[in-house]
Amino acid sequence: MDRSLSKLTVAFPADEGSTSRSYPIYTGHGILSMIGPVASELHIPERIIIITDANIENLYAGHVYSALLNFGFRPEIISIPAGEKHKTLDTVRFVYDKMHDAGCGRDTAVIAVGGGVVGDLAGFVAATYHRGIPFVQVPTTLLAQVDSSVGGKVGVNLPYGKNLVGAFYQPRFVFIDTKTLITLSQRELRSGMAEVIKYGTILDGELFEMIAGVIDSLLIPDINLYSDIIERCCALKASVVERDERESGYREILNFGHTVGHAIEALTGYSTLTHGEAITYGMMAETHTSVNHCGLPKEEAHRLCSLLLRLSPPPLPDTIDDEQIYLAMFNDKKVRSGVLRFSLINKIGDAAFGESPEPHYVKQSVRKLFTIYKDECEY
């Protein structure tokens, strides 16, 4: 493999009677043209459907198409509407119909080229079309590169809840070209940084301190900084996923900020806030809950919230309130017997999962979101 490609392997324990399963994550700068030989070496079928969205089709999907065509593959592009509000079963049906009309069978692979929405939806299509066909992730946003492209969670939203229809379906490989970050907007970069801050908060205090020290530089596409951060976040997520592939316990640690954040996304129709912005609010609320439930020191809570506020999420819309958010949280997949469960923080770099704080702590934390800019997370 070319020296410009860095490689990390995600490896799972062997199932009974089988060998261990693993897949590589490749990272590099300007590497999209190299996807052909990688796909060939990893025995991806010759027939390939590239699933992308209207924003990415002309930016990067065409490059992937040409790179595959030049290496003897038979690619075809299916473009879906851009945006979280289109991550639905209706869009999945649209892709199924396109693939059927094109004569795609089990000898077809799906390659997702785009952000988290494209990756989640394309992965769900691959997991379910003809009961499963090979799947490859080519994430083009910071959020997708550090988080959603790794780990095999695929799925779509329902009107009342995020990712309520889905599967665990691992890709054959993940191919991360950091050059794609150059075309991201400030809003998209900030959205992706929310997940980066999450990794430092729950798993890696040194990463948190590094981010806190260079946050201003990270809000521009500084590729050298981002390359290291992306590889570090992928390694952190791989270590969690290898330990608990199907989120039966420990993997829930990755959901810090997501119980509240997903509720906000659903209430705003998956269109007002980006995923990262909603998760930023979710992490601020769950930080406050962590102070009351886990004993997170107030000074650490203040540092964390202050860093999150540097991402400048837009104010919550006045069409929702704290009671609506609280009730919407009960659609979360982690709810058990009607009890909310969270990933919360003991200290920066150390999280706990499966926590069920007192409801009044949760309600208090959500209420605080509506004054967050005024009180700046004072405790």
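Values quoted throughout were computed directly from the atomic coordinates according to the rules given, and no laboratory measurement underlies them. None of the values given here were measured: they were computed from a predicted structure. In this analysis, Cβ positions are derived from the backbone assuming ideal geometry, glycine residues included, and neighbour counts consider all displayed protein chains.
Relative to the dominant Cα principal axis of the chain, helix 298-309 is inclined by about 50°. In plain terms, if you count all Cα to Cα distances in the range 118-265 and split them into 5 Å steps from zero, the share in each step is 2, 9, 18, 22, 21, 16, 9, 3, 1, 0 percent.
Considering only PRO37, ALA61, LEU207, the residue lying farthest towards the positive end of the dipole of the chain is PRO37, judged by Cα position with unit charges set on Cβ. The order of LEU89, LEU344, LEU267, going from fewest to most other C-beta atoms within 10 Å of their C-beta, is LEU89, LEU267, LEU344.
Rounded to two decimals, the Cα-based Rg/Rh of the range 191-290, with Kirkwood Rh, is 0.98. In terms of surrounding Cβ atoms within a 10 Å radius of their Cβ, CYS294, CYS233 rank from fewest to most as CYS294, CYS233. Considering every alpha-carbon pair of the range 77-169, the percent of pairs per 5 Å bin, from zero through the bin containing the longest distance, is 3, 15, 27, 28, 19, 7, 1, 0. Here each label is just a point 7 Å from Cα along the line to Cβ, and for ASN346 and LEU309 those points are 2.9 nm apart. Taking a ≥ b ≥ c as the square roots of the eigenvalues of the Cα gyration tensor, an a/c ratio below 1.5 marks the range 225-379 as rounded.
Scanning residues 5 or more positions from ILE50 or on other chains, those with amide H under 5 Å from its amide H are GLU76, ILE77, ILE78, ILE111, with H placed 1.01 Å from N in the peptide plane. Summarising the amide proton neighbourhood of PHE173: residues at separation of 5 or more, or on other chains, whose placed amide H is nearer than 5 Å comprise GLN137.
Result for the chain in a Gaussian network model with C-alpha springs under 10 Å: among SER343, SER248, SER33, the largest mean-square fluctuation is at SER248. For the range 1-102, the list of trypsin sites (Lys or Arg not before Pro) that fall in a loop by DSSP and count at most 16 other C-beta atoms within 10 angstrom reads ARG3.
Computed from backbone phi with θ = phi - 60° and the Karplus coefficients 6.51, -1.76 and 1.60, the 3J(HN,Hα) list for the range 89-102 is 5, 5, 5, 4, 4, 4, 5, 3, 4, 4, 5, 4, 4, 7 Hz; x is used for glycine and proline. Within the range 225-266, the trypsin sites (Lys or Arg not before Pro) that combine a DSSP coil assignment with at most 12 other C-beta atoms in a 10 angstrom radius are ARG246.
Considering the zone a paramagnetic label at ILE182 would reach in this model (a point 7 Å from Cα along the Cα-to-Cβ line), which residues of the range 137-155 have amide N under 19 Å from it? Those under the cut-off are 139-143, 145. Shown in residue order for the range 41-51 are the 3J(HN,Hα) couplings computed by the Karplus curve 6.51 cos²θ - 1.76 cosθ + 1.60 at θ = phi - 60°: 4, 9, 6, 6, x, 5, 7, 9, 9, 8, 9 Hz (x for Gly and Pro). If you take the square roots of the eigenvalues of the alpha-carbon gyration tensor of the range 211-259 and sort them as a ≥ b ≥ c, do you get rounded (a/c under 1.5), prolate (a/b over b/c) or oblate? Prolate.
Mean projection of the Cα convex hull over all viewing directions, computed for the range 6-183: 10.0 nm². Simple rule: put +1 on each Lys or Arg Cβ and -1 on each Asp or Glu Cβ in the chain, find the dipole, and look at TYR250, TYR26, ALA112; the Cα lying farthest toward the positive end is ALA112. Restricted to Cα atoms, the chain shows a radius of gyration and a Dmax of 20.1, 61 angstrom. Once you sort the root eigenvalues of the Cα gyration tensor of the range 309-379 as a ≥ b ≥ c, which label holds: rounded (a/c under 1.5), prolate (a/b larger than b/c) or oblate (the other case)? Taking the square roots of the gyration eigenvalues as a ≥ b ≥ c, the range 309-379 is oblate. For LYS334, which lysines qualify as cross-link partners when the Cα separation must be under 26 Å and same-chain residues fewer than eight apart are set aside? Excluding near neighbours in sequence, the set is LYS85, LYS87, LYS153, LYS162, LYS198, LYS237, LYS347, LYS363, LYS368.
Across the chain, the mean sequence separation of Cα contacts (distance under 8 Å, 6 or more residues apart), normalised by length, yields a relative contact order of 14 percent. When the Karplus curve 6.51 cos²θ - 1.76 cosθ + 1.60 is applied with θ = phi - 60°, which whole-Hz ³J(HN,Hα) does each residue of the range 186-197 get, with x for Gly and Pro? For the range 186-197, the Karplus-derived couplings read 4, 4, 5, 4, 5, 4, x, 5, 4, 6, 5, 4 Hz, x marking Gly and Pro.
Computed over neighbours whose Cβ is under 9 Å from that of THR259, the net charge equals 0, Lys and Arg +1, Asp and Glu -1. Against the longest principal axis of the chain, how steep is helix 205-218, in degrees 0 to 90 to the nearest 10, with axes from Cα atoms? For 205-218 against the chain, the angle is about 80 degrees.
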